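Down below is the structure, laid out as structure tokens.
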Amino acid sequence: MKRMLSFILCAALVQSLNAQESEEHAEGKFRLQELSRHSARAHLTKSLTPGQEGFDVTYYKLDLRLSTSPSPNSLSGSVTMAARSVVDNLSSITLDLMSSMTVDSVILGTTKLGFSQQTSSVTISLGRTIARGEVFSVRVFYRGLPGSSGFGSFAFSTTSGAPWVWTLSEPYGAKDWWPCKDHPTDKADSVDVWITCSASFKVGSQGKLIAVIDNGDGTRTHRWQHRFPISTYLVSIAVANYSEVSQWYRYSAVDSMIVLNYALPAQLATATSTLPLTIDMLRIFSDLYGLYPFVSEKYGHSQFGWLGGMEHQTMTSLGGFSEDLIAHELAHQWFGDMITCRTWPDIWLNEGFASYSVALYREKKYAPSSYWTVMNYEMSRARLAVGTIHVRDTSTTTRLFDGRLVYAKGATVLHMLRRVVGDSTFFRALKQYALDPRFKYKTASTGDLRSVFEAVSGKNLGYFFDEWIFGESYPRYRFEWGSRSNGAGFTVRITISQTPTTSNPAFFVMPIDFKLTGSGLDTTITLFNDTQNQAFAFNLSKQPTGVQLDPANWILKDAQGFMVNVEDQGRIPTEFSLGQNYPNPFNGSTVIPFELPQSSLIRLEAFDVLGKRVQTIVDDRVYGAGRHTIHFSASDAVGSSLTSGIYLYRMIVDGRPLLVRKMAYLR
């Protein structure tokens, strides 16, 4: 009776599949809600503005007044910059500032300086020559209505009819609202942010709130003091009629740090229920990376009018309060804020680390399965990435902050690096990188990260960083395996070949895990694949009946393989066939084999027993003649895990549905 029922279900499925119209494969929701970054465009600089090479910034003080009522909105005040000359006879400097902000005057001490304002900068004559090593200070008085580039820069907006002012300067928007040397290579040693505004507002910014002064005219001045190195794009303000939601992070038996949160009154309930998760996140990340780097001041969040989040130093700006978003932005306090990418092409050192940290947080707080849920999702997005993670084109925010490339593939690189060097070495190197005095509170490059991991692991990792950071795409493996008796046991032969998808690299060098199963056999071996076509032979005491390439999904890849007689390896099949998946039943992922006698366009789909498509496993891709395997992870089109049960998979060849098989998934 069960066999008959299965036959009826299978027959009904084939009929429904043939009648089903094709539909678009839905892309999963971007976990960190940062998709709006990718639609914004801006003309971005790639290096220092000419005229900025001769000085190193040591300090900024922003002393600004916001006019929000009555209209028009405006920003006015002054910015003081202290700097040290790094050249002989420095006579002029250039600061970044858009011409929508009008400079009224510039002084050095009590001396008024000459200046000229250009479209995106202001050049200041210092009135005398500054010797190498001499510290000097200029104060720029200015006013205007800030423009908005990149992801927003500066916004005068409203919430529930009340004024709401917020900033998001990454990557090059600081110059839209304040004069500065706007490049991540030059961190100021400290910053003060003084904001004068309506007395009805709270103001969030960097460091400690050391004073709120009532000016007696319906305004107050909020004085924030931050005494750590900071890049210009991480300086922020958020101003509204916020409600305060605070907790304390106890980081030792006798010491605590405030976690200060400013939420809009309408979102107070959500903020109150979700933001306390930050305390566990601080504990977990402090264990992984070293104590929260600004623990002597604070951490916190200010709500702003953008969909995602921005890791403003010591006070992240959030558009919402999802757990993964909070974790992502907190991780940036180590990677992005404490250690900042030295140049924008290495932005993956910020975003890839923060994205991967979400997986580590979930692994430590919940279970390893939660880690794999995050990473399987990120890897599915990374497969769609185009170009090199080291961003060559920084002319648009769309490219610089490509979610599939910089975020998802960046996280995937760290995931793979963890397997390459081993768990204990990986976490030791990660913490050493975070605490290295060469980079802590400074900047770093991909080469710096590589040097730390090589020193800790004792391995030459040049191949890994060259192919995954400076190379493109991912490997397409084809493997064949077979075994035969050798009298004392069995000789197993595995041949691996890579189908070129890019010339950079011509092929991928990677250690690859192979899981061999059989009666009384369940073992995993690691083979180092360092040529495009390679054969391995080894002996086992028992005969394998199944072989999986990278069964745990540590490598971003396609895997195509099949079992053959040792003598038949390399032979082309004579007919189309769709093999039974293995293992079956399966948990997590399984392998689906198929054979092609000729190059064909393949579509492979999975369905539940009611005929509803749950995943397009292969979406109209050409495969060459030969034996192939595909890894199938038990998730639907948006990355949610499937429920236990019977599923079917169908192969369509050159547009013609040909073959259907069943598989059983057990969670």
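Tabulated data for the structure shown
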{"item": "Any strands (runs of 3 or more DSSP E) falling wholly within the stretch 70-181 and containing at least 1 residues that are over 26 Å from Gln303 (Cα atoms)", "result": "74-85, 90-96, 101-108, 115-117, 121-130, 135-144"}
{"item": "2 or more residues over 14 Å from the mean Cα position of the chain (by Cα): qualifying helices (runs of 4 or more DSSP H) within the stretch 275-378", "result": "277-289, 348-365"}
{"item": "Some residue of the stretch 614-626 being part of a strand (DSSP E or B), in contact (Cβ under 8 Å) with a residue 40 or more places away in the chain and at positive phi", "result": "yes"}
{"item": "Subset of the stretch 200-252 that is in contact with a helix residue (DSSP H, G or I) (Cβ under 7 Å, 6 or more places away or on another chain) and outside any loop (DSSP other than H, G, I, E, B) - its residue that is farthest from Lys440 (Cα to Cα)", "result": "Ser243"}
{"item": "Pair list, Cβ under 7 Å, 6 or more apart: the stretch 498-519 residue in contact (Cβ under 8 Å) with a residue 60 or more places away in the chain, other residue surrounded by 14 or more Cβ atoms within 10 Å (Cβ to Cβ) and part of a strand (DSSP E or B)", "result": "Thr499/Arg476; Thr499/Arg478; Met510/Asn529; Thr517/Gly546"}
{"item": "Residue identified as at positive phi, over 27 Å from the mean Cα position of the chain (by Cα) and not hydrophobic (A, V, I, L, M, F, W, C) among Ser160, Ser243", "result": "Ser160"}
{"item": "Qualifying residue in the stretch 389-405 (condition: within 22 Å of Asn504 (Cβ to Cβ), part of a helix (DSSP H, G or I), within 12 Å of the chain's Cα centre (by Cα) and of a type in the set (Val, Ile, Thr))", "result": "no"}
{"item": "Residues located in the stretch 533-559, provided they are in a strand (DSSP E or B) and either closer than 22 Å to Thr491 by Cα or out of contact with any strand residue (DSSP E or B) (no Cβ under 6 Å at 6 or more places or on another chain) (or both)", "result": "Asn533, Gln534, Ala535, Phe536, Ala537, Phe538, Asn539, Leu540, Gly546, Val547, Gln548, Leu549"}
{"item": "The stretch 154-175, subset touching a strand residue (DSSP E or B) at 6+ places or on another chain (Cβ under 9 Å) and polar (S, T, N, Q), residue nearest to Thr49 (Cα to Cα)", "result": "Ser169"}
{"item": "Residues within the stretch 456-509 that are within 27 Å of Ser380 (Cβ to Cβ) and in a loop (DSSP other than H, G, I, E, B), tallied", "result": "19"}
{"item": "The stretch 188-199: number of residues that are assigned to a loop (DSSP other than H, G, I, E, B) and either touching a Cys at 6+ places or on another chain (Cβ under 8 Å) or within 15 Å of Thr80 (Cα to Cα) (or both)", "result": "1"}
{"item": "Flag if Thr94 is polar (S, T, N, Q), at pLDDT 95 or above, surrounded by fewer than 18 Cβ atoms within 10 Å (Cβ to Cβ) and assigned by TED's automatic domain parsing to the domain that holds Ala155", "result": "no"}
{"item": "Residue match in the stretch 65-84 (condition: touching a residue at least 24 places away in the same chain (Cβ under 8 Å) and over 29 Å from Trp166 (Cα atoms))", "result": "yes"}
{"item": "The listed residue being of a type outside the set (D, E, K, R) and under 25 Å from Glu363 (Cα atoms), out of Leu430, Leu400", "result": "Leu430"}
{"item": "Meets criteria (crowded, with 18+ Cβ neighbours inside 10 Å and on the phi < 0 side of the Ramachandran plot) for Lys442", "result": "no"}
{"item": "Hits in the stretch 232-246 - residues which are crowded, with 20+ Cβ neighbours inside 10 Å and more than 20 Å from Trp194 (Cβ to Cβ)", "result": "Val245"}
{"item": "Test for Gly639: is it of a type in the set (Gly, Ala, Ser), at pLDDT below 85 and in contact with a helix residue (DSSP H, G or I) (Cβ under 6 Å, 6 or more places away or on another chain)", "result": "yes"}
{"item": "Residues satisfying the stated conditions in the stretch 371-386, i.e. crowded, with 16+ Cβ neighbours inside 10 Å and touching a helix residue (DSSP H, G or I) at 6+ places or on another chain (Cβ under 6 Å)", "result": "Tyr371, Val374, Met375, Glu378, Met379, Arg381, Ala382, Ala385"}
{"item": "Selection count, the stretch 449-477, where residues are out of contact with any Asp or Glu (no Cβ under 7 Å at 6 or more places or on another chain), without any contact (Cβ under 8 Å) to a residue 40 or more places away in the chain and buried (at least 16 other Cβ atoms within 10 Å of the Cβ)", "result": "8"}
{"item": "Residue ID - surrounded by the most Cβ atoms within 10 Å (Cβ to Cβ), chosen from residues in the stretch 187-216 that are closer than 16 Å to Ser231 by Cβ and β-branched (Val, Ile, Thr)", "result": "Val191"}
{"item": "Residues located in the stretch 615-667, provided they are among the aliphatic types (A, V, I, L, M), under 16 Å from Glu595 (Cβ atoms) and more than 29 Å from the chain's Cα centre (by Cα)", "result": "Val622, Ala625, Met651, Ile652, Val653, Leu658, Leu659, Val660"}
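The values are calculated or read from the model by the stated rules, or taken from the named source; none is laboratory data. Predicted model, so just to flag it, every value in this text is computed and none were measured. Cβ coordinates were reconstructed from backbone atoms using ideal geometry, including for glycine residues, and neighbour counts include every protein chain displayed.
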